[in-house]
1. Cβ-Cβ below 8 Å, separation at least six or inter-chain, first residue in region 181-200 and outside any helix (DSSP H, G or I), second hydrophobic (A, V, I, L, M, F, W, C): which pairs?
2. Only residues in region 139-159 that are closer than 18 Å to Thr43 by Cβ count as the first member; pair them with residues that are outside any helix (DSSP H, G or I), Cβ under 7 angstrom, at least 6 apart or cross-chain, and list the lot.
3. If you scan region 227-254, which residues turn out to be within 14 Å of Phe104 (Cβ to Cβ) and of a type in the set (Val, Ile, Thr)?
4. Checking the conditions here, which among Val35, Val61 is farther than 25 Å from Trp208 by Cβ and either among the charged types (D, E, K, R) or in contact with a Leu (Cβ under 8 Å, 6 or more places away or on another chain) (or both)?
5. For Arg24, work out the one condition from (1) under 30 Å from Ile148 (Cβ atoms); (2) at pLDDT below 95 it doesn't fulfil.
6. Are there any helices (runs of 4 or more DSSP H) wholly within region 41-123 with 2 or more residues that are over 12 Å from the mean Cα position of the chain (by Cα), at pLDDT 95 or above and farther than 19 Å from Arg133 by Cα, and if so which?
7. I'm told Tyr153 meets every condition in (1) within 24 Å of Glu213 (Cα to Cα); (2) of a type in the set (Ser, Thr, Tyr); (3) out of contact with any strand residue (DSSP E or B) (no Cβ under 8 Å at 6 or more places or on another chain) except one. Can you identify the failing condition by its number?
Amino acid sequence: MTSHTHQTASTQYVEAKGIRFAYRRFGKTGGVPLVFNIHFTGTTDHWDPAVTDGFARDREVILFNNAGISSSSGEVPESIEEMAANAAGFIKALGLAQVDVLGFSMGGLIAQELALAEPQLVRRLILVGTGPRSGEAMVSLTPEAQDIFGASYAEPDHLWLRVHFSPSEASQAAGRKFLQRFRLRSENRDPEANEKVAPAQLAALAKWGTPRENPYDYLKALTQPTLVVNGDNDVIIYSINSWILQQNIPNAQLILYPDANHGSLYQYPERFVKHVTQFLSESGQDA
C-alpha cells in the first residue's frame with residue numbers, strides 16, 4: 001500500500017509515442033490497476049478524491065493526462081481512436097500487462113476504443129456518463145451542454161455544478177460538497193487545459209457522433225465484462241445512450257442513479273465506489 005492519496009501523490013512522467021505523459025499513481029499495489037480516463041477538457045485534478053481515494057483502499061489507481069492535456073506534452077488528436085492509441089501507449093510504457101479501465105464522458109469513448117483495440121490489455125470496463133458511436137444527440141454538444149458551457153460564472157468552478165449535478169436542492173448540495181473535495185489538493189495542481197484542447201476534442205467528438213449505418217454493431221466486439229453507470233437525467237450525454245451501450249455490449253450491466261445528471265459518480269461517490277468495487281471483484285464472467 002502506498003502512503004499517498006489523491007491529495008499527496010506526486011506527478012510523474014513517462015515517455016511513449018513521442019509524448020511525455022503526466023500521471024499520478026497511488027493506492028494498494030499487487031492487483032490489477034484501475035486506469036482513469038477523464039472528461040472533456042479535464043485533467044487529473046478533475047477527479048473527485050472521494051472516488052479515487054475510495055478505490056485506492058483496495059487497488060492501485062492511475063490518473064493521467066492524455067496527449068496535449070495540461071502537463072502532458074504533444075497535441076490533442078482530432079479522433080477518439082488516436083486518443084485511445086495514445087492511452088494504450090501510456091499504459092504499456094508503465095510496463096503493465098493488464099488493467100481495468102474507467103472512462104467518464106469523453107473518457108468513456110476513449111475507454112471503448114482502448115478495449116476494442118487492446119482486448120488483452122483491458123480486463124474490465126467501467127463506462128460512466130458516456131455513449132456509443134452515433135449515439136442520441138452526440139454529433140455535437142447537446143443544447144443543454146451548449147448553454148452550460150457557453151454561460152459565464154461568478155466563480156469558474158460553479159460551471160461544474162451545472163455540468164455534473166441536477167437542479168434539485170439535494171443534487172446541488174451534493175455538488176457544493178464535491179467542489180470542496182475538488183479543491184482539497186491545493187499544491188502542485190495540474191494546469192487547466194489550454195485553449196487548443198477544446199477545439200480538438202470537439203472535432204473528435206463530432207467524428208464519433210456522426211450518424212452511420214448500423215452504428216452499434218461495433219459494440220458486439222466488446223467482450224470484456226462492462227459496467228455502465230449514469231444519472232437518470234444526464235443532459236450532457238443523454239442517459240438513453242447508457243441504455244444503448246448496455247443493450248449492445250454482450251456482457252454489460254447498467255446502473256442509473258436517481259435525481260442525477262452527468263456527474264452521478266460525484267453525487268454518490270460512496271455508492272459508486274461500492275458498486276464498481278463489487279463489479280471488479282466478481283469472478284466467473286471473464287471466460
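The values are calculated or read from the model by the stated rules, or taken from the named source; none is laboratory data. All figures in this text were calculated on a predicted structure; none of them were measured in a lab. Cβ placement follows ideal geometry from the backbone for every residue including glycine, while neighbour counts extend to all protein chains displayed.
1. Asp190/Ala22; Ala193/Ile69; Lys196/Val76
2. Phe149/Leu141; Leu159/Tyr153
3. Those that are within 14 Å of Phe104 (Cβ to Cβ) and of a type in the set (Val, Ile, Thr): Val228, Val229, Ile236, Ile237.
4. Numbers: Val35 fails: farther than 25 Å from Trp208 by Cβ.
Matching residue, one of Val35, Val61: Val61.
5. (2)
6. Values: elements: 49-56, 80-93, 106-117.
Once the helices (runs of 4 or more DSSP H) in region 41-123 are filtered for at least 2 residues that are over 12 Å from the mean Cα position of the chain (by Cα), at pLDDT 95 or above and farther than 19 Å from Arg133 by Cα, what remains is 49-56, 80-93.
7. (1)
Okay, residues lined up against (1) surrounded by fewer than 20 Cβ atoms within 10 Å (Cβ to Cβ); (2) within 25 Å of Met138 (Cβ to Cβ); (3) touching a residue at least 60 places away in the same chain (Cβ under 8 Å); (4) of a type in the set (Val, Ile, Thr):
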| site | (1), (2), (3), (4) |
| --- | --- |
| Thr5 | yes, no, no, yes |
| Phe21 | no, no, yes, no |
| Leu34 | no, no, yes, no |
| His39 | no, yes, yes, no |
| Arg57 | yes, no, no, no |
| Val61 | no, no, no, yes |
| Ser71 | yes, no, yes, no |
| Glu75 | yes, yes, yes, no |
| Glu81 | yes, yes, no, no |
